[in-house]
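S.K.: Before I ask anything, here is the structure I am working with.
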Amino acid sequence: DDIIMSIDMGHSKRLIELLRDEFSDHQILIFSHNELFMRLCRGPLNQAKRFDINRWRLEDGPRLVPHVSDVAYLRATLEESGSQIQIASAMRIALDDFLVEATGALEVSLRSGTRPLTVSDYWGPLRKKLREVRKAFGLVDLEPIFKRIGEPEFFRNALGAHLNDWARDAELRQVQEVAQALLDLIDALSCAHCRAVVRPRLPN
């Protein structure tokens, strides 16, 4: 099984930094089905090439295809004017990964307990943290974007994950606007080079 599944994100980050610092003269192949771990690799290992295995047969082995990030997939789905369901499904995947990555990068305090974390458990604390650090770290005013996104649980859950019948009545334009606002938020908080969520640092 995936070796990094047995360690937390703190140890995962240190493992990636170790590979970068101590094995820069080696060729390394990393195989993982943990999307968050692969996203963590983007900053320290920004020269690495990433591929996805989209098929594996006994006759000819794995077939590799260029990796398409969740954000790129959402952007393409939005540009192609997909249906409400297609956009909401792509938005669900991009939102989930972004929330986990952003709360980790910004060291957001999340609730503890045995119950799995929901979108609300991430979304509220992340907004609060961003409001606290915006001026200190020179971030753009994110309040207009927050207002455009609203509370993302409806499109993430009712339309993107569970496809409730009553959610099918959501207007395409409304789903498009929320998806675009999410992309704007991700762009505002991501490194233009490696696309990882930035980690603000206090000035010396």
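S.K.: Mind checking the per residue accessible area of segment 1-92 for me, 1.4 Å probe, whole number of Å²?
M.R.: 70 Å²
S.K.: I'd like to verify something in the chain: which complete DSSP H helices, judged by Cα projection on the helix axis, reach 18 Å or more and average at least -1.0 on the Kyte-Doolittle scale?
M.R.: Helices passing the filter in the chain: 9-22, 84-105, 119-133, 172-189.
S.K.: Measuring with a 1.4 Å probe in the full set of protein chains, what accessible area per residue, in whole Å², belongs to segment 101-147?
M.R.: 60 Å²
S.K.: Taking the Cα centroid of segment 1-65 and of segment 89-119, what is the distance between the two, rounded to the nearest whole Å?
M.R.: Each part's Cα centre sits 21 Å from the other's.
S.K.: Which distance in nm do the two modelled labels at residue 121 and residue 187 give, with both placed 7 Å along the Cα-to-Cβ direction?
M.R.: The two pseudo-label positions are separated by 3.2 nm.
S.K.: Just to be sure I understand: with springs between alpha-carbon atoms less than 10 Å apart, which residue in 130, 139, 106 has the highest mean-square fluctuation in the Gaussian network model of the chain?
M.R.: Evaluated over the chain, the most mobile residue of the options is 139.
S.K.: For the chain, with all protein chains present and a 1.4 Å probe, just round the carbon and sulfur fraction of the accessible area to a whole percent.
M.R.: So the carbon and sulfur contribution to the accessible surface is 53 percent.
S.K.: Also: Suppose R0 equals 30 Å; then what is the FRET efficiency for residue 129 and residue 73 from their Cβ-Cβ distance, rounded to the nearest 0.05?
M.R.: Here the calculated transfer efficiency is 0.65.
S.K.: For the pair residue 56 and residue 27, what calculated FRET efficiency results from E = 1/(1 + (r/R0)^6), where r is the Cβ-Cβ distance and R0 = 30 Å, to the nearest 0.05?
M.R.: After rounding to 0.05, the efficiency reads 0.85.
S.K.: Provide the FRET efficiency to the nearest 0.05 for the residue 49-residue 140 pair, computing r from the beta carbons and using R0 = 41 Å.
M.R.: That gives a FRET efficiency of 0.80.
S.K.: Moving to a separate point now. For semi-axes √(5λ) of the Cα gyration tensor in Å, one of (1) 36, 16, 13; (2) 29, 24, 16; (3) 34, 18, 16 was computed from the structure I shared and the rest are decoys. Which label?
M.R.: (2)
S.K.: Dividing the alpha-carbon Rg of segment 84-134 by 2.2 N^0.38 Å yields what?
M.R.: Computed over Cα atoms of segment 84-134, the ratio equals 1.24.
The values are calculated or read from the model by the stated rules, or taken from the named source; none is laboratory data. Because the structure is a prediction, the values reported are computed rather than measured. Neighbour counts are summed over all protein chains in view; Cβ atoms, including those assigned to glycine, are modelled from backbone coordinates with ideal geometry. Each accessible area value is taken on the protein alone, full model and side chains, heavy atoms only, with ligands, DNA and RNA left out. Shrake-Rupley method; radii C 1.70, N 1.55, O 1.52, S 1.80 Å.
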